[in-house]
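J.: Take this structure, written in structure tokens, and hold onto it; I'll ask about it next.
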Amino acid sequence: MENRKYIFVMGGVMSGVGKGITTSSIGAILKARGYKVTALKIDPYVNVDAGTMNPTEHGEVFVLNDGDETDQDMGNYERFMDIQLSRENYMTTGRVYESVIHRERNLEYGGKCVEVVPHIPLEVIDRIVKASEKDGSEITLIEIGGTVGEYQNVLFLETIRMMKIKNPDDVLSVLVSYVPMPNKIGEMKTKPTQYAVRTVNSAGVQPEFIIARSEVPMDQKRKEKISMFCNVGEEFVISAPDVDNVYEVLLNFERDNLSETILKKLRLETRTSDLSAWKNLVEKIKATKDSVTIGIVGKYFGTGDFVLSDAYMSVIEAIKHAGYQAGVKTKIDWINSELFEKEPEKTGSLSQYDGVLVPGGFGGRGIEGKIKAIQFCRENKIPFLGICYGMQLAVIEYARNVLGLEDANTTEVNRDTKNPVIDIMPEQKKNLEDGNYGATMRLGAYPAKLEAGTIAATLYKQAEISERHRHRWEVSPQYISKIETAGLVFSGKSPDGKLMEIIELPGEKHPFFVASQFHPEFKSTPLKAHPLFFGFVSAAKKRNQENK
Ligand code: GLN
């Protein structure tokens, strides 16, 4: 393993306690001490990637530069550690088995009996080591999805055990646990965490660190208890209370000297830490007074009786980042587009927003409502940002209501429309005919050229950009000149000029009406907002001030 160090992060008690943010924050504080870091995510499900999963169940599909369709935690790693990851940094049980079976078929196991143990964990180790070599990292963080005690992540705990036994000084594990404080009882309960540690112990692993997530900071007594009953020294029990802003987590960790303790444990020199950029950011956020409200018109919100906005995680983050840069707090309202289908007059309620965003999506449900929302924003000069499907629907809206092509549509929804302004490209047609859905969209980073003098070019301050995609349909070449003549500007195009990447209305016609075929949200970071989001939120701020 050439002296590379590995930190595993696993979750105890329940899901959703912030393993992803913990992993990302540990990465950020180690990076702030001058170490080269990278991260991997292991998802225990059998799907080969996240591309085929329902966003309401699984959350956002985060797309990497190389087009891999991964888990939303990968987005957190990129944003917190300011790194760009690739498919080597992401694995699922499906992916691991797929390669073991492939090797077996190629006789690569030399006639041996191929078994779940040790061959599956060995494949996992091989992938972890290769990813950290490729990224040239000194410290690699590996987050294990799910919660310890689930049948399906046992093999990944076995991976930790096998790596640790060979290189005890190079491998650490961190358990992110939850310490509840039930209202009626009125004190923090550590027992669930004790059970979680016991479960990990039964897999032959003893976590070195326990990150105790709770609503409020943990007192000394509870720390002592966890230390005593979970077999870790007190300085290795870190209290991680809820915070207003996720970037405070890493500052809290540093207050507890977490990076120094980790480095000592890994026998690495401590080096000085520079967290000034994060400190400034958190202070700036705290001092911000003005705020804007953005309406997001989408459909992947519901899970049972709850509204879960995870499907739009990177969009939410990108809006926040733009707010940090523009000096405003950003509040988001979720609007189910189907509402405007049942009651079209309700589009008028969009006037209350400082900006409206229509994000990506698939299929026919809710799209007529989104089109109505876009029309309202265009006609009433409400700042609008459309992403992917949001851009396609804006083109349809323009074709219908400005060009007068009443039945304009996308062939995704109506194959027989007479005016397929959004259509599928020939190679994609073949994929659909063959039922070949997995990882076959136009995926990952593609370059685009910007038209000088446009809003897009002004915001990016660049003539050529690279952005991440995830779609099958495109603006049909047959309609481009007609649409342009009617006043919609294609301000970004693929370098060969064939694919439309950004649309906009000129500044004299609308304060901000911009949409992109790509997903700008994947490249926004807290310390550097994305230009399109920045333009959008700045326009929203202006509207808010004018309306005061
Ligand atoms: N459904 C559209 C397409 O596949 C848009 C996809 C998206 O918004 N990500 O082209």
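The values are calculated or read from the model by the stated rules, or taken from the named source; none is laboratory data. Since this is a predicted model, take the numbers as computed values, not measurements. Note that we place each Cβ from the backbone using ideal geometry, even for glycine, and neighbour counts take in every protein chain shown. Side chains included, ligands, DNA and RNA excluded: accessible areas come from the protein's heavy atoms. Shrake-Rupley method; radii C 1.70, N 1.55, O 1.52, S 1.80 Å.
J.: Roll a 1.4 Å probe over the protein chains and send me the accessible area per residue for the chain in Å².
T.: With all protein chains present, the chain gives 42 Å² per residue.
J.: Regarding segment 219-271, what are the three Cα extents along the principal axes, ordered largest first, in Å?
T.: Rounded to whole Å, the extents work out to 34, 31, 13 Å.
J.: How much length is gained on full extension from residue 229 to residue 122, taking 0.36 nm per residue of separation minus their Cα-Cα distance?
T.: 35.4 nm
J.: Something else now. Compute the FRET efficiency between residue 99 and residue 432 as 1/(1 + (r/R0)^6), taking r as their Cβ-Cβ distance and R0 = 22 Å, and round to the nearest 0.05.
T.: FRET efficiency, residue 99 to residue 432: 0.20.
J.: Relative contact order of the chain, please, whole-number percent, based on alpha carbon pairs below 8 angstrom and at least 6 residues apart.
T.: Contact order relative to length: 15 percent.
J.: Counting only DSSP beta bridges with both residues in the chain, tell me the antiparallel percent, nearest 5.
T.: That works out to approximately 35 percent antiparallel.
J.: Still on this structure: If Rh is defined by the Kirkwood formula over all Cα pairs and Rg also comes from Cα, what ratio Rg/Rh do you get for segment 449-502?
T.: For segment 449-502, the value is 0.96.
J.: Taking only the C-alpha atoms, wrap a convex hull around segment 365-447 and report its volume per residue in Å³ as a whole number.
T.: Residue-normalised Cα hull volume stands at 127 Å³.
J.: Still on this structure: Classify segment 470-527 as rounded, prolate or oblate, taking a ≥ b ≥ c as the square roots of the eigenvalues of its Cα gyration tensor: rounded when a/c is under 1.5, otherwise prolate if a/b is larger than b/c and oblate if not.
T.: oblate
J.: For segment 258-408, what does the relative contact order come out to in percent, with C-alpha contacts under 8 Å and a separation of six or more?
T.: 21
J.: Where in segment 185-279 are there GluC sites (Glu not before Pro) that are in a DSSP coil and have at most 15 other Cβ atoms within 10 angstrom of their Cβ?
T.: Those that pass, being in a loop and sparsely packed, are 187, 215, 269.
J.: Distance check, please: which entries in 130/164; 493/523; 130/449; 19/189; 36/166 exceed 25 angstrom between their Cα atoms?
T.: Over 25 Å Cα-Cα: 130/449.
J.: Once segment 178-263 is represented by equal point scatterers at the alpha-carbon sites, with solvent omitted, what log10 I(q)/I(0) does the Debye formula produce at q = 0.17, 0.22 Å⁻¹?
T.: -0.71, -1.12
J.: Then there is this: Tell me, what is the Rg over Rh of the chain, with Rh the Kirkwood radius over Cα pairs?
T.: Rg divided by Rh gives 0.99.
J.: Right, something else. Give me the compactness ratio for segment 420-548, meaning the Cα radius of gyration over 2.2 N^0.38 Å.
T.: Taking N as the residue count of segment 420-548, the ratio is 1.16.
J.: While we're here: Let's test the formula: R0 of 22 Å, r as the Cβ-Cβ distance of residue 273 and residue 3. What FRET efficiency results, to the nearest 0.05?
T.: 0.50
J.: Based on the Cβ-Cβ distance from residue 169 to residue 47, what FRET efficiency comes out when R0 is 45 Å, to the nearest 0.05?
T.: The computed FRET efficiency comes out at 0.80.
J.: Heavy atoms only, probe 1.4 Å: what % of the accessible area of the chain goes to carbon and sulfur, would you let me know?
T.: 50
J.: Can you give the net charge of the other residues whose Cβ lies under 9 Å from the Cβ of residue 266, counting K and R as +1 and D and E as -1?
T.: +2
J.: Additional query: Would you tally the net charge around residue 87, using a Cβ to Cβ cut-off of less than 10 Å, leaving residue 87 out, and scoring K and R as +1, D and E as -1?
T.: Here the count lands on -4.
J.: Over segment 453-504, what relative contact order in percent results from Cα pairs under 8 Å that are six or more residues apart?
T.: Value for segment 453-504: 36 percent.
J.: Relative to the present Cα-Cα distance, how much length would full extension add between residue 151 and residue 256 at 0.36 nm per residue of separation?
T.: 34.5 nm
J.: Could you check the simple spin-label distance between residue 406 and residue 334, using points 7 Å along Cα→Cβ, in nm with one decimal?
T.: Those two pseudo-labels are separated by 3.7 nm.
J.: Separate question: Could you give the length gained on full extension between residue 425 and residue 284, defined as 0.36 nm per residue of separation minus the Cα-Cα distance, in nm?
T.: Between residue 425 and residue 284, full extension yields 46.2 nm more.
J.: Net charge near residue 102: determine it from the other residues with C-beta under 14 Å of the C-beta of residue 102, scoring Lys and Arg +1 and Asp and Glu -1.
T.: Net charge in that neighbourhood comes out at -1.
J.: Could I ask something else about it? Before rounding to the nearest 500, sum -39500 (n - 2.57) across all DSSP H runs of length at least 4 in the chain and divide by the residue total; then give [θ] at 222 nm in deg cm²/dmol.
T.: -11500 deg cm²/dmol
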